[in-house]
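Okay, structure first, notes after.
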Amino acid sequence: MSVSKFLRQTSGAAVALAASASALANPVPWQLNLTRGVTSESHEIFALHMAALWVCVGIGVVVFGAMIIAMFRFRKSRGAVPATWSHNSKLEFVWTLMPVLILIGLATPATRILMNEYDTTGSQMTIKVTGYQWKWRYDYVDYLGKPVGDVGFMSKLAAASNRIRQLDSGLDPGSVSDHGFKDYLLSVDKPLVIPAGVKVRFVVTAGDVIHGFWVPPFGIKKDAIPGIVNDIWVQVDQPGIYRGQCYVLCGQDHGFMPIVVNVLPKAQFDSWLAAQEAQAKADKAARTAQAAGPANSAFAQH
Ligand SMILES: [Cu+2]
């Protein structure tokens, strides 16, 4: 790719970012840095990432600078004569202590952020997330202290993307979009829906092999392991569509099980959940009636 094309694409992306707040959540072509995200946790992670980056840049400048100066100023053709001493306790002490201090300086905030990410106390909602080859299942367990009745569904790659990805489909991946965002392999048939401004706890597991639940704009990433339940929480204040991926290579369709989270304003979410619960109740009643029907008539015949 030429430099001008690269600049055009990145500046185009910047304009697109500025134009729409919810577009912030969408991945951007040629995105070079870590996703800044929309939650306070993801902002903390981003700040720590930038701090670590600049510490590394500083170390790189000092180390490579010293090497380059030494190579040019003290080269043989300039008549440099090697020193004959072999040990300096003071120097050894300094260059052992400095990395230790830098590591402590980076590890302390990193540990604090991790401990916060693990602390699911005070969450107002629980959703069970299960990874399958190659889709996700979301089961709503409780909300605002009350159990949720039978709301759960599979979430798999959107049909349009699925058609295009088939070998020799001849279809154009650029032809699908969601509100102007080219979403090939990034959309699902039924997104996970959560309320804005509510601390949501995800309990994450898997039904077959190890998967990984990762939503970069939220700053959350959790292993989904069969037989093990991990948990993580998120609180998203800004409604919108957010995208993630399975991050553990889990088989041939690993790249085709995206995650989409639709964050709704709380009132809108409440009515969505109520409708889902009513639907589940009606479905259950229909199933019961169907199961009872033939049995009753069989009984009547005898
Ligand atoms: Cu997977």
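The values are calculated or read from the model by the stated rules, or taken from the named source; none is laboratory data. Keep in mind that what you see is a predicted model, and the values were worked out from it rather than measured. Neighbour counts are summed over all protein chains in view; Cβ atoms, including those assigned to glycine, are modelled from backbone coordinates with ideal geometry.
Brief remarks on what is shown
- Criterion (more than 15 Å from the ligand (Cβ to nearest atom), free of Cβ contacts under 8 Å to residues at least 12 places away in the same chain and either out of contact with any strand residue (DSSP E or B) (no Cβ under 7 Å at 6 or more places or on another chain) or aliphatic (A, V, I, L, M) (or both)) met by exactly one of Ala196, Ala274: Ala274
- In the stretch 202-232, residue surrounded by the fewest Cβ atoms within 10 Å (Cβ to Cβ) [restricted to those that are within 16 Å of the ligand (Cβ to nearest atom) and among the charged types (D, E, K, R)]: Asp208
- Counting only strands (runs of 3 or more DSSP E) that sit wholly inside the stretch 171-271, those with at least 2 residues that are closer than 24 Å to Ala159 by Cβ are 192-195, 211-215, 240-246, 259-264.
- Identity of the residue in the stretch 233-259, away from the ligand (no atom under 16 Å from the Cβ), aliphatic (A, V, I, L, M) and buried (at least 22 other Cβ atoms within 10 Å of the Cβ), that ends up farthest from Thr130 (Cα to Cα): Val236
- When the stretch 267-282 is filtered for residues that are of a type in the set (D, E, K, R) and within 26 Å of the chain's Cα centre (by Cα), only Asp270 remains.
- In the stretch 33-72, residue surrounded by the fewest Cβ atoms within 10 Å (Cβ to Cβ) [restricted to those that are touching a Phe, Trp or Tyr at 6+ places or on another chain (Cβ under 9 Å) and in a helix (DSSP H, G or I)]: Glu41
- Among residues of the stretch 145-159, those that are in contact with a helix residue (DSSP H, G or I) (Cβ under 9 Å, 6 or more places away or on another chain) and at pLDDT 85 or above, counted: 7
- Residue match in the stretch 210-217 (condition: of a type outside the set (Val, Ile, Thr), in contact with a helix residue (DSSP H, G or I) (Cβ under 6 Å, 6 or more places away or on another chain), modelled with pLDDT under 95 and under 20 Å from Gln235 (Cα atoms)): yes
- Some residue of the stretch 85-103 being part of a helix (DSSP H, G or I) and either under 25 Å from Val209 (Cα atoms) or touching a residue at least 12 places away in the same chain (Cβ under 8 Å) (or both): yes
- Residue within the stretch 156-166 that is surrounded by fewer than 11 Cβ atoms within 10 Å (Cβ to Cβ) and not in a strand (DSSP E or B) present: yes
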